[in-house]
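A quick write-up on the structure given underneath.
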Amino acid sequence: MTATAGLLLEIALADESISPQEETSLLAYLTQAFGLIEADARALVAEAHEMRKNSIDHWALTKELRQSYSIEKRIEIVRSMWKVVYSDGSLHHYENYLVRKLADLLGLEHHVMIEAKLAVKAELGAE
């Protein structure tokens, strides 16, 4: 759970700030995916902040998920990354780069990442 929260936090911070919409999207995913109440999701994000401070690279964040999650779960995580990215209505160039990099580190082929992006854009009505 903490590694997943860490990846989503990394995406939310890609443009150097977390908007209220990004925070809402992040917490919504964590509560839904792990059956948490909001207070527990916030505590998980706090743990992820600490993990992020002590992590050397993105590979360390993704290794556990790549090894323990099914491809379907990893695709779901990438979809949630795109939801966080588009939740504030804008796509920062580094956010795009970072989702691509993390999807690759999660062992997903490029076309799978693109399909997830297009599905989320259609779902959210994003441009």
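Based on the Cα gyration tensor of segment 2-124, what are the three equivalent ellipsoid semi-axes, each the root of five times an eigenvalue, rounded to whole Å and given largest first?
19, 17, 14
Apply the Karplus curve 6.51 cos²θ - 1.76 cosθ + 1.60, θ = phi - 60°, to the phi angles in segment 72-87 and return the couplings in whole Hz, x for Gly and Pro.
4, 5, 5, 5, 4, 5, 5, 4, 5, 4, 5, 5, 5, 4, 8, 5
Relative contact order of the chain, please, whole-number percent, based on alpha carbon pairs below 8 angstrom and at least 6 residues apart.
Working: 129 pairs, mean separation 42.6, N = 127.
Once divided by the residue count of the chain, the mean separation gives 34 percent.
Roughly speaking, what is the centre-to-centre gap between segment 73-104 and segment 1-42 when only Cα atoms are used, to the nearest Å?
Taking the Cα centre of each part, segment 73-104 and segment 1-42 sit 12 Å apart.
Run the dipole for the chain about the Cα centre, Lys and Arg Cβ at +1, Asp and Glu Cβ at -1, nothing else charged, and hand back the magnitude in debye, nearest 20.
Details: 13 positive and 20 negative charges, 65 e Å.
For this selection, approximately 320 debye.
Ranked highest first by the average count of other Cβ atoms within 10 Å around their residues, in what order do 5-12, 119-126 fall?
5-12, 119-126
Using Cβ counts within 10 Å as a stand-in for footprinting exposure, how do Asp15, Asp57, Asp40 rank, fewest first? Walk me through the numbers before you get to the answer.
Details: Asp15 18, Asp57 9, Asp40 14.
Ascending number of Cβ neighbours within 10 Å: Asp57, Asp40, Asp15.
Since every read-out is calculated from the coordinates, none of them should be taken as a lab result. Here the structure is a predicted model, which means the values were calculated and not measured. A quick note on method: Cβ atoms are made from the backbone with ideal geometry, for glycine too, and the neighbour counts reach across all protein chains shown.
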